[in-house]
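Q: If you scroll down you'll find the structure; I have some questions about it.
The values are calculated or read from the model by the stated rules, or taken from the named source; none is laboratory data. Keep in mind that this is a model prediction, so the values were computed, not measured. Glycine gets a Cβ as well: all are built from the backbone with ideal geometry, and neighbour counts include every protein chain shown. Keep in mind that these areas ignore ligands, DNA and RNA; they rest on the heavy atoms of the full protein, side chains included. Shrake-Rupley method; radii C 1.70, N 1.55, O 1.52, S 1.80 Å.
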Amino acid sequence: MKLFKRKSASPAVTEIVTAQRCQNALPALPSTIGQAEKKLYDRLRFAVPVIDAAIMKMIRLTGGFRVVCTDEEYQAELDRFLDNVPVGLTGRSIGCFADNFLDSLLTYGSAVGEIVKDQENQRIAGLWLGDVSKIIVSAGSAPFSRNYAVRLPDGTSRKVSRPENIMYASLIGGHSLLRGLPALSSILLRIYECIGQNYDRAGNVRYAVTYKPPSGSDDFVFSRERAQQIANEWADGMNSARCGQVKDFVAVGDVDIKVIGADNQLFDTNIPVRQLLEQLIAKLSIPPFLLGLNWSSTERMSSQQADILTSELDYYRRLISPVICEVADAYLSSVGAEAGCRVEWENINLQDETALAEARLKNAQAREIELRIEQQLADNS
């Protein structure tokens, strides 16, 4: 018997790990929002006016534009079409469509529109802004192609027969500009609700009438009846004020009248409300004073803030410019033109007009001094 046996080497275990290979290297398209998320963002804009005002301000600050055709022969006809194209049931012009398209883009993170064509003459009959919660976007068979489907009420989907008439755009990741704001907004609304309840309790004055009958007297025995009589007379005196009459309350005995809640003071909500509003405005990228929040008596937009806001507006312009060009190209193709088009935006002017005028004046004066110096040097030579 061997006490010290040499252990035999255990057999090596070989494990093969297979990594999943990506069949399609292209990233998937951002999924559109659902009906519940869409209703949440709609209620958020309805409940918090600052959010709705910021989005509307952003749309107006984006500015106007003009579509320029590469062939001047079709420029007048293209302008006439873009100024009068029907948009939905009540709108008209490409500017109206761009504003509604950008509104959906900021609120829901994506926007979808459709070019409606007349089946008889294949001309564009109008533009329609779709519901992003009812559209399903998926990658097509070819690279960079998309398939569109519409959600039906029964839970099924129906594929769009003519996807070339669909216009779709989304923010980075397909996320809404309001993503992350419902949690902060719920706290803000809770504070406002508590403020209203405190004013209902302390602001709407209520009185506590206390009657203390002396012990051993007849009033002590009939204290219940005396208290009911005092209550009736007090209610009659308070209700007479509604009819324009003034009645005095007269009582005999130890009667104490106090205002309910007079000893308590309302909480100061300026600091928490301002902190929440700062978080909301930081996400919306709008200077506070543009929304009517004057937190500083000398607050004005600096050049750095103007540059940051200008870059935000340029980003939104880059998103909707291809959609505008798609509408214009579709019209030019329907009339048999082979020309293209481009979008020329108006200059974003967020600076003070007085400061700009002074800057132009100083530049002109500096240029005049430079010309005089050059003239003197030329004369001396």
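Q: Considering each residue of segment 84-112, count those that are free of Cβ contacts under 8 Å to residues at least 24 places away in the same chain and within 27 Å of the chain's Cα centre (by Cα), and give that number.
A: Qualifying residue count for the region: 6.
Q: List every residue pair whose Cβ atoms lie under 9 Å apart, where the two residues are 6 or more positions apart in sequence or sit on different chains, the first residue falls within segment 139-167 and is open to solvent by 100 Å² or more (accessible area, probe 1.4 Å), and the second residue, located anywhere, is in a loop (DSSP other than H, G, I, E, B) and among the aliphatic types (A, V, I, L, M).
A: If the second residue must be in a loop (DSSP other than H, G, I, E, B) and among the aliphatic types (A, V, I, L, M), the pairs left are PHE144/LEU26; ARG158/LEU152.
Q: Kindly evaluate PHE81 against the criterion of being under 30 Å from GLY34 (Cβ atoms) and modelled with pLDDT of 90 or more.
A: no
Q: Could you tell me how many of the residues in segment 58-108 are assigned to a helix (DSSP H, G or I) and more than 30 Å from PRO288 (Cβ to Cβ)?
A: Residues in segment 58-108 being assigned to a helix (DSSP H, G or I) and more than 30 Å from PRO288 (Cβ to Cβ): 15 in total.
Q: Cβ-Cβ distance below 7 Å, separation of 6 or more or different chains: which pairs start in segment 178-192 with a residue that is over 23 Å from LEU105 (Cβ atoms) and end on one that is part of a helix (DSSP H, G or I) and of a type outside the set (S, T, N, Q)?
A: Sorted first by the residue in segment 178-192, then by its partner, the pairs are ILE187/LEU276; LEU188/VAL273; LEU188/LEU276; LEU189/ALA47; ILE191/PRO272; ILE191/VAL273.
Q: Got at least one residue in segment 130-147 being modelled with pLDDT of 85 or more, more than 24 Å from LEU284 (Cβ to Cβ) and either touching a helix residue (DSSP H, G or I) at 6+ places or on another chain (Cβ under 6 Å) or not hydrophobic (A, V, I, L, M, F, W, C) (or both)?
A: There is at least one residue in segment 130-147 that is modelled with pLDDT of 85 or more, more than 24 Å from LEU284 (Cβ to Cβ) and either touching a helix residue (DSSP H, G or I) at 6+ places or on another chain (Cβ under 6 Å) or not hydrophobic (A, V, I, L, M, F, W, C) (or both).
Q: A further question follows. For segment 331-342, give me the residue count where each residue is part of a helix (DSSP H, G or I), over 13 Å from ILE94 (Cα atoms) and open to solvent by 20 Å² or more (accessible area, probe 1.4 Å).
A: Counting residues in segment 331-342 that are part of a helix (DSSP H, G or I), over 13 Å from ILE94 (Cα atoms) and open to solvent by 20 Å² or more (accessible area, probe 1.4 Å) gives 2.
Q: Now a separate question. Please note which strands (runs of 3 or more DSSP E) are completely contained in segment 134-215 and include at least 2 residues that are of a type in the set (Val, Ile, Thr) and farther than 30 Å from ALA227 by Cα.
A: Strands (runs of 3 or more DSSP E) meeting the threshold: 135-139.
Q: Determine the pairs where a residue that is basic (Lys, Arg), located within segment 273-289, has a partner that is open to solvent by 70 Å² or more (accessible area, probe 1.4 Å) and not in a helix (DSSP H, G or I) with Cβ atoms under 8 Å apart, the partner being 6 or more residues away or on another chain.
A: ARG274/TRP295
Q: Within the set of pairs 6 or more residues apart or between chains, which connect a residue that is under 24 Å from VAL273 (Cβ atoms) and at pLDDT below 70 inside segment 293-314 to a residue that is open to solvent by less than 100 Å² (accessible area, probe 1.4 Å) and charged (D, E, K, R) with Cβ atoms less than 9 Å apart?
A: ARG300/ASP352; MET301/ASP352
Q: Would you be able to say whether some residue in segment 60-75 is in contact with a Gly (Cβ under 6 Å, 6 or more places away or on another chain) and either of a type in the set (Val, Ile, Thr) or modelled with pLDDT of 90 or more (or both)?
A: yes
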